[in-house]
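Taking it in order: structure first as structure tokens, then the write-up.
The values are calculated or read from the model by the stated rules, or taken from the named source; none is laboratory data. Every value quoted in this text rests on a predicted model; they were computed, and no experiment measured them. When we count neighbours, we look across all protein chains shown, and the Cβ atoms used for this are built from the backbone with ideal geometry, even at glycine. Please note that ligands, DNA and RNA were not included when accessible areas were found on the heavy atoms of the full protein model with its side chains. Shrake-Rupley method; radii C 1.70, N 1.55, O 1.52, S 1.80 Å.
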Amino acid sequence: VDALDERAVDEHVGAVVSRAGSVDVSFNLISRGDVQSIPLVEMTADDLLRAVVNGLHSNFLTARAAARRMIERGSGVILHLNSASGAGAMPGMGSTGPADAATEAFMRYLAAEVGPHGVRVCGIWTAGVAETLSKEKLTEVGGESVPDPQTVEEMISGMAALRRAP
């Protein structure tokens, strides 16, 4: 389903409810178009806003569609994937920090509204997953000047509480 297509999202959730009887878990894993490794003062407005708009728009559509059905049943879980970059400030994170902060704020407000109806909203904070890091994927987000995957994994591990990559 195109998570940016409101009608498609609503129809998909309706189809799931028709087939399964309910929506128990909602999880949106859209590629937002994040841009990193470019100083903010050198970014274009498009580079900054793409991840914010795509992330917030798609999370709103998917969470809203699921929450409406979950409220009817009085149960369900809306998961969202994020990183801690929205709560901090680290040079080079580019559009990721603002996009994560927007998603995190939206999900907190959603949780306050749907929680009393038995619907939980839970965030999963993670950084890059080691097995998915490749030079191609890193270059797509950070341009040609990104470190090699092994170095990125070591950087991520160094920031984690357990000092290992997720």
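Brief remarks on what is shown
- Residues that are open to solvent by less than 70 Å² (accessible area, probe 1.4 Å), in contact with a strand residue (DSSP E or B) (Cβ under 9 Å, 6 or more places away or on another chain) and either modelled with pLDDT of 75 or more or assigned to a loop (DSSP other than H, G, I, E, B) (or both) do occur in the stretch 125-141, at least one of them.
- Annotation: of all residues in the stretch 52-111 being outside any helix (DSSP H, G or I) and hydroxyl-bearing (S, T, Y), the one that is modelled with the highest pLDDT is S75.
- Sole residue being open to solvent by 60 Å² or more (accessible area, probe 1.4 Å) and of a type in the set (V, I, T), chosen from V77, V41, V119, V52: V41
- Flag if A63 is under 16 Å from I124 (Cα atoms), crowded, with 21+ Cβ neighbours inside 10 Å and within 16 Å of the chain's Cα centre (by Cα): yes
- The conditions of being among the aliphatic types (A, V, I, L, M), open to solvent by less than 60 Å² (accessible area, probe 1.4 Å) and touching a Gly at 6+ places or on another chain (Cβ under 7 Å) are met by V23.
- The one condition in (1) farther than 23 Å from H12 by Cα; (2) open to solvent by 50 Å² or more (accessible area, probe 1.4 Å) that D34 fails to fulfil: (2)
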